[in-house]
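Participant: Have a look at this one.
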Amino acid sequence: MRREVLYVLTIAIGLLVSAKYAEWPVNIWCISVFSLIFWKTDRKERIEMLAVLAFATPMELFFSEVWLIYEYQRDLMPLFVPVGHYFLFDLGRRVAKHLPVGSPIYLILFLVPFVVYMAVIGIDTSAVILLFLTLGFVHYGPEPRLYASMVWLALFMELWGTYLGNWAWAPEVPYTIFTAWNPPLLVGAFYCFGDLLVNLSVAKFQGQPIAEVNHDVLG
C-alpha cells in the first residue's frame, strides 16, 4: 500500500474509531505503523520522525493543557496524536512534490476572502494573524510547497476531527483578544511552524544547509 493511502486511511478511520468507540485501538495501530516505518527506513527519516515527536508532543501539551486553546474529547492528549503528526507531515511533503513551484502563494491567497468574512463577523479574528504568519512561511521559508500543502491538509484533518468531536477549539483564544472558529481557518500555520522546526533540526543533525535537505525531500 502506498504511504499516502495508508496515511489518509489511518487519519480518517482512526479519528472516527477514537471518537465513536475508543482510543486504545487507534493508539496501538498508529504506534505500530510508526514503529514499522521507523524500523524499515533510513537514518535521515528516523531523525525526522524523532524530531516530529520531540516538537509535536510538548507543543500539543502546551496548547491543550497550558494555553487551553483546544480541549481533547477525553481531556488528555491521545497517544496517537504525536505519531499522527508525522503521518500528516510526510503526507504533506509527498503532496508538495506534485505542486507547481509557483503555486503556494495562490493556494494561500484563495483563503483570504474567507479569512476576511470570518474576521468581519467576528467568529475567527485569529485567522488574520495566522494568515500573515502563513504568508510569511510561504514567502520566506525554505519549503513553500510543503507549507501550502500543510495548510490544506491540516484544515481537512481538523475539520474531520472537530466534526467527530475528537477535540474542540475554544471560541475565544485564552489570554488574547482574538476569537477562533472550530477549527481556526488557518490552523495550518501551527503545522507550518512545526515543519520548519523539524527541517531545521534534520539539517543540523545531517550537517547540511537547510536548502540541501529540502532538495532531498522535494526535489
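The values are calculated or read from the model by the stated rules, or taken from the named source; none is laboratory data. No experiment lies behind these values; they were computed from the predicted model shown. Cβ sites come from the backbone with ideal geometry, for glycine too, and all protein chains shown count toward neighbours.
Participant: Among the numbered criteria (1) surrounded by 21 or more Cβ atoms within 10 Å (Cβ to Cβ); (2) in contact with a strand residue (DSSP E or B) (Cβ under 6 Å, 6 or more places away or on another chain), which single criterion is violated by TYR86?
Facilitator: All conditions are met except number (2).
Participant: With crowded, with 16+ Cβ neighbours inside 10 Å, more than 12 Å from the chain's Cα centre (by Cα) and under 12 Å from PHE89 (Cα atoms) as the only criterion, which of ASN182, ASN166, ASN199 stands out?
Facilitator: Just one listed residue meets the conditions, ASN199.
Participant: Quick check on my filter: what residues within segment 98-115 are surrounded by 13 or more Cβ atoms within 10 Å (Cβ to Cβ) and outside any helix (DSSP H, G or I)?
Facilitator: Once the filter is applied, which keeps residues that are surrounded by 13 or more Cβ atoms within 10 Å (Cβ to Cβ) and outside any helix (DSSP H, G or I), segment 98-115 yields LEU99, SER103, LEU111.
Participant: Scan segment 38-76 for residues that are out of contact with any helix residue (DSSP H, G or I) (no Cβ under 7 Å at 6 or more places or on another chain) and under 16 Å from PHE89 (Cα atoms) and report the count.
Facilitator: 4
Participant: Of all residues in segment 131-172, which are touching a residue at least 60 places away in the same chain (Cβ under 8 Å) and either in a helix (DSSP H, G or I) or over 23 Å from GLY84 (Cβ atoms) (or both)?
Facilitator: LEU133, PRO142, ARG145, LEU146, MET150, LEU153, ALA154, MET157, TRP160, GLY161, LEU164
Participant: Sticking with this one: Run HIS85 past the list (1) assigned to a helix (DSSP H, G or I); (2) more than 18 Å from ASP195 (Cβ to Cβ) and report the number of the one that doesn't hold.
Facilitator: Only one criterion is unmet by HIS85, namely (2).
Participant: Going through SER149, SER126 one at a time, which residue ends up being buried (at least 24 other Cβ atoms within 10 Å of the Cβ) and closer than 21 Å to TYR72 by Cα?
Facilitator: SER126
Participant: Mind listing whichever residues of segment 116-130 are assigned to a helix (DSSP H, G or I) and either among the charged types (D, E, K, R) or touching a Leu at 6+ places or on another chain (Cβ under 7 Å) (or both)?
Facilitator: Matches in segment 116-130: MET118, ALA127, LEU130.
Participant: If a residue has to be part of a strand (DSSP E or B), over 12 Å from SER18 (Cα atoms) and touching a residue at least 12 places away in the same chain (Cβ under 8 Å) to count, how many in segment 58-81 make the cut?
Facilitator: 2
Participant: For THR176, all conditions in the list (1) surrounded by fewer than 18 Cβ atoms within 10 Å (Cβ to Cβ); (2) modelled with pLDDT under 95; (3) among the β-branched types (Val, Ile, Thr) hold save one; what is the number of the exception?
Facilitator: Only one criterion is unmet by THR176, namely (2).
Participant: Moving on to the next point. Take the conditions within 29 Å of PRO144 (Cβ to Cβ) and either crowded, with 16+ Cβ neighbours inside 10 Å or among the aliphatic types (A, V, I, L, M) (or both) and apply them to VAL95. Does it pass?
Facilitator: Taking the combined requirement at face value, the residue satisfies it.
Participant: Restricting attention to segment 173-188, report how many residues are outside any loop (DSSP other than H, G, I, E, B), in contact with a helix residue (DSSP H, G or I) (Cβ under 6 Å, 6 or more places away or on another chain) and among the β-branched types (Val, Ile, Thr).
Facilitator: Adding up the residues that qualify gives 0.
Participant: If you don't mind, another one. Restricting the search to segment 1-37, which residues are assigned to a loop (DSSP other than H, G, I, E, B) and either touching a helix residue (DSSP H, G or I) at 6+ places or on another chain (Cβ under 7 Å) or surrounded by 12 or more Cβ atoms within 10 Å (Cβ to Cβ) (or both)?
Facilitator: Within segment 1-37, GLU23 is the sole residue that qualifies.
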